[in-house]
Structures are given as structure tokens and as C-alpha cells.
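> I'd like to ask you about the structure that follows.
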Amino acid sequence: EALRKSEMLYRTLVESQVDLVSRYLPDTTLTFVNDAYCQFFGKPREELIGHSYLFMIAPEYRDLVRQETADLALHPRPLAGEYVNYRYDGQACWIQWIVRCITDDSGQVVELQAVGRDITARKQAEAEREALIAELETRNAELERFLYTVSHDLRSPLITMGGFVGFLQKDALAGNIERLETDVTHINDALVRMRQLLDELLNLSRIGRITTSPEV
């Protein structure tokens, strides 16, 4: 009676879980699945018990899972892994499985119990974050190259103005009016070039804030 009550309590606890719970033999044959497991994979319990659970593992992970199960049977230990599984509607989902070994009195593995949790949303968020980080790194690299180019382009008219200001001083002291006019012309040209560069920078900075009106 105590064993029956214990078994009933265990099944009640397991069946109330939203996580996927299964037990299987070292050869991957299922011996128990809870309701959540059946619903997730869209199969009744009688079609799952006695069959391998590898059907719902993505093909590229099946050999790895089979090898891990065989290794657990030889070296019992807890194991956590994340694998692509196929839901009842064929949708690929990431499931995190926590596996524990059930041993007999001699320490021999007789069954394994796995608890699975759908982590697809977390995986998608991680992938989006990694994509965003990669995009930001690319943009930062482009910005650094752009700033280097802008710095070089702005320095050029400044150097020109600085040089001709010196000539302007010398020519003014020498009273060379013709050279003075030439010096002023070069300085004005450099000012125009710098103003053009600054206007282009201002227009470029506005591009990110331009919004497109919706078309009807």
C-alpha cells in the first residue's frame, strides 16, 4: 500500500509538470513519458513506450545523443545538453535536457530519466543579440574608418590656411600686393572647402533621422 501511494504521488507530481519528462533504457527505448511529453511531440503514450526517443531529435544530433546515452550507461553521472527537437507540428525547437541515471543496488544503470524544457525563445534572443553585437561591431569599424577619413580631409584645408596665413604675413611686411591677393584667394578656397566638408557631415548626420512618409 505504501509503495502504491508512493507511485501515485510520483506520477501525480510528474504528470503535473509542464516540462517534458521521460524515462528510457540505455538503448534509448522509452519506458515512461508524461502528458506534456506526449502533447509536445503529438503522439499518444502507447505509440511512444517501447520505441526509441531518437525520432524527435534533429538528425545532426542523433549520433551525439546516442553516444552520450551509451557513455552514461557505462559512467553514470548527471548530464545537461541542448538539442534541436521536432514538435508535433514539425517545428524545430531547442530543448534543454537534464538527464539523470537510475541505478540498481550494484550501481548498474537500469534506466535514465530526462527532463526537457523548451528554450527556443531564449535561443532566438541569444541569436538576435549576437547578430546585433556583430552589426554594432561592423558599424563601429566603419565609423572609425569614416572618422579617420574625415579627420584627414578636414586637416588638409586647415594646413592650407595655416601655410598661406604665414605667407600673408610675409607678403604684407614686404608690401607685395599681388602676392597678398593670391594668399587671400588660397585661404578663401580652403575656407570654402572646409565649409563644404562640414555641410556634408551635417547632411550625413541627418540621414539616420530621416523618416519616410507612408505611401497610400
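The values are calculated or read from the model by the stated rules, or taken from the named source; none is laboratory data. Quick caveat, the model's predicted, so the values are computed rather than measured. Here the Cβ positions follow ideal geometry from the backbone for every residue, glycine too, while neighbour counts run over all protein chains shown. These area figures cover heavy atoms from the full protein model, side chains too; ligands, DNA and RNA do not enter into them. Shrake-Rupley method; radii C 1.70, N 1.55, O 1.52, S 1.80 Å.
> Based solely on its DSSP helices, what 222 nm [θ] is calculated for the chain when runs of n ≥ 4 H residues each add -39,500 (n - 2.57) and the sum is averaged over all residues, nearest 500 deg cm²/dmol? All intermediate terms of the calculation are to be shown ahead of the outcome.
Values: 6 runs with 127 residues, N = 216.
Computed ellipticity for the chain at 222 nm equals -20500 deg cm²/dmol.
> Then there is this: For Kirkwood radius over Cα pairs in Å, which listed value, (1) 17.1; (2) 19.0; (3) 24.3, comes from the coordinates shown?
Given (1) 17.1; (2) 19.0; (3) 24.3, the calculated one carries the label (3).
> Please list ASP71, ASP105, ASP199 in order of solvent-accessible area, largest first, computed with a 1.4 Å probe with all protein chains present. Don't skip to the end; give the middle numbers.
Numbers: ASP71 55, ASP105 170, ASP199 80 Å².
Of ASP71, ASP105, ASP199, the descending order of accessible area is ASP105, ASP199, ASP71.
> Provide the three semi-axes, in whole Å and in decreasing order, of the ellipsoid equivalent to region 66-179 as defined by the square roots of 5 times the Cα gyration tensor eigenvalues. Walk me through the numbers before you get to the answer.
Details: eigenvalues 1136, 54, 12 Å².
Ellipsoid half-lengths, sorted descending, are 75, 16, 8 Å.
> Taking only Cα atoms and a 10 Å spring cutoff, compute GNM fluctuations for the chain and point out the largest among ALA73, ALA141, ALA58.
ALA141
> May I ask for the Kirkwood hydrodynamic radius of region 115-187, worked out over all distinct Cα pairs and given in angstroms to one decimal?
Values: mean 1/r = 0.0588 Å⁻¹.
Hydrodynamic radius (Kirkwood, Cα only) of region 115-187 equals 17.0 Å.
> While we're looking at this one, here's another question. When the dipole is taken about the Cα centre of region 142-195, and only Lys, Arg (+1) and Asp, Glu (-1) are charged at their Cβ, what size is it in debye, to the nearest 20? Walk me through the intermediate numbers first.
Values: 6 positive and 8 negative charges, 18 e Å.
In total the dipole reaches around 80 debye.
> Contour minus end-to-end for LEU202 and ARG62, with contour as 0.36 nm per residue of separation and end-to-end as the Cα-Cα distance?
Answer, rounded to one decimal: 44.7 nm.
> Based on Cβ point charges of +1 for Lys and Arg and -1 for Asp and Glu, what charge dipole magnitude is obtained for the chain about its Cα centre, in debye rounded to the nearest 20? Mind showing how you got there, number by number?
Working: 24 positive and 34 negative charges, 66 e Å.
Using Cβ point charges on Lys, Arg, Asp and Glu, the chain gives about 320 debye.
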